[in-house]
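**Q** One structure is given below, represented as structure tokens, and several questions about it will come after.
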Amino acid sequence: MTGSVPLREAGLAAIAQRLTSIMPGVVVERARRAPVDVDTDTLPRLILRGEEWQADETEEPGLTHYRLAFSVTGFASASTDLAAEQALSLLHAQLVEAVAGWTPSTPGLGDVAEQGAEFSLYDSDASARPAGEFLARFSMLAIGPSGGPWAS
Amino acid sequence: MTAFDAAMATLLADPNMGGDAEWQAAAGGAWQPVRVLLSTPAELVPGLGATSGRAIAVQATIRAADLTQPPRRGDLLRWAGSTYRVETVEPDPLGLTCRLGLARIS
């Protein structure tokens with residue numbers, strides 16, 4: 001079976017759409033390579049990137065269970081150091097609430113699981129503006145016919 | 001005044017290099033006029049993921065003799081309508097000047 005939309009792309013697109021609809025006050029970007037300028041770019045901001053792709057053919061005859069890993073980097077700033085830390089915590093909590101345990105409606109895509117996160121508040125030597133970032137990791141189940149990783 | 005101190009005073013007084021600002025001690029008190037040499041390095045911040053951050057730091061160099069007390073974290077510096085809090089203080093080896101790392105608060 002072949003299709004036009006790879007399962008991986010369908011999963012990442014579904015996540016981006018979910019974030020955009022659930023978090024309207026947050027800028028969501030996919031696969032951004034350029035650094036986020038905390039002085040000029042609109043914050044808060046989330047950057048979604050696809051990561052590893054693991055296949056398991058032992059779960060179900062004729063089907064492959066894929067594990068799509070993806071990361072979301074969140075950027076936030078505030079007027080004080082403490083407020084910046086709190087803004088990062090809030091953004092991360094909103095992100096987890098939006099995607100962890102959620103199941104996309106796209107056929108073949110399963111639920112999203114939270115893996116963990118790292119947080120960093122920028123040093124004042126590097127940023128006059130109180131700002132920071134977090135890197136949150138998730139994984140998503142995707143199921144397709146063996147040798148056919150397509151969503152449609 | 002040593003030759004080095006005189007050189008720094010000349011640099012700070014130069015209108016092309018120095019600028020007018022006001023300083024207030026963390027404990028409060030009156031704002032005090034000072035001359036500052038400003039720099040705003042913009043650099044990549046070591047990030048956590050593939051998409052890194054870029055931020056602008058603000059640093060000001062002042063003559064120690066221009067202040068009534070040594071600068072320290074929490075002092076305020078303001079110019080051009082913006083106010084900054086002193087986060088780091090790096091005196092030069094001779095104790096003539098201090099480079100202040102600043103956080104913008106308004």
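Each value in this text was obtained by applying a stated rule to the coordinates, not by laboratory testing. Keep in mind that this is a model prediction, so the values were computed, not measured. In this analysis, Cβ positions are derived from the backbone assuming ideal geometry, glycine residues included, and neighbour counts consider all displayed protein chains.
**Q** Within a 10 angstrom radius of each residue's Cβ in B:18-26, how many Cβ atoms of other chains show up on average? Whole number is fine.
**A** Mean shielding count: 0.
**Q** Kirkwood Rh, Cα Rg: Rg to Rh for the stretch A:3-152?
**A** Using only Cα positions, Rg/Rh for the stretch A:3-152 is 1.05.
**Q** Among A:16-24, B:54-62, how do they line up from the highest to the lowest mean number of other beta-carbon atoms within 10 Å?
**A** B:54-62, A:16-24
**Q** Could I have the simple spin-label model distance between B:SER82 and A:VAL96, label points 7 Å from Cα toward Cβ, reported in nm to one decimal?
**A** Computed distance between label sites B:SER82 and A:VAL96 equals 3.5 nm.
**Q** Once phi is turned into ³J(HN,Hα) by the Karplus curve 6.51 cos²θ - 1.76 cosθ + 1.60 with θ = phi - 60°, what whole-Hz value does each residue of the stretch A:115-131 show in order, with x for glycine and proline?
**A** So the Karplus estimates, Gly and Pro as x, are 10, x, 7, 10, 10, 9, 9, 5, 5, 5, 5, 9, 9, 6, 8, x, 7 Hz.
**Q** Show log10 I(q)/I(0) for the protein assembly as shown at q = 0.07, 0.11, 0.15 Å⁻¹, two decimals, from a solvent-free Debye sum over equal Cα scatterers.
**A** -0.38, -0.69, -0.99
**Q** Let me ask something additional. Using only the alpha-carbon atoms, how far is helix A:7-22 inclined from the longest principal axis of chain A? Give it as 0 to 90 degrees, nearest 10.
**A** Compared with the principal axis, the helix lies near 40 degrees.
**Q** For B:55-67, what's the mean count of beta carbons from other chains sitting within 10 Å of each residue's beta carbon?
**A** 3
**Q** Quickly work out the A:ARG33-to-A:VAL5 label distance, labels modelled 7 Å from Cα along the C-beta direction, and quote it in nm with one decimal.
**A** Taking the two extended label points, one gets 2.6 nm.
**Q** Turning to a different aspect of this structure: For chain B, what is the convex hull (Cα atoms) projected area averaged across all directions, in square nanometres?
**A** 8.0
**Q** Can you give the charge dipole size of chain B about its Cα centre, rounded to the nearest 20 debye, using +1 on the beta carbon of Lys and Arg and -1 on the beta carbon of Asp and Glu?
**A** Dipole magnitude for chain B comes out near 300 debye.
**Q** What value, in deg cm²/dmol to 500, does the helix sum -39500 (n - 2.57) over DSSP H runs of n ≥ 4 give at 222 nm once divided by the residues of the protein assembly as shown?
**A** Helix-only estimate at 222 nm: -6000 deg cm²/dmol.
**Q** Run the paramagnetic zone check for B:GLU22: 7 angstrom along Cα to Cβ, then residues of the stretch B:80-106 with backbone nitrogen under 17 Å.
**A** B:80-86, B:105-106
**Q** Charges at C-beta only: +1 for Lys and Arg, -1 for Asp and Glu. How large is the resulting dipole of the stretch A:37-152 about its Cα centre, in Debye rounded to 20?
**A** Dipole about the Cα centre, nearest 20: 280 debye.
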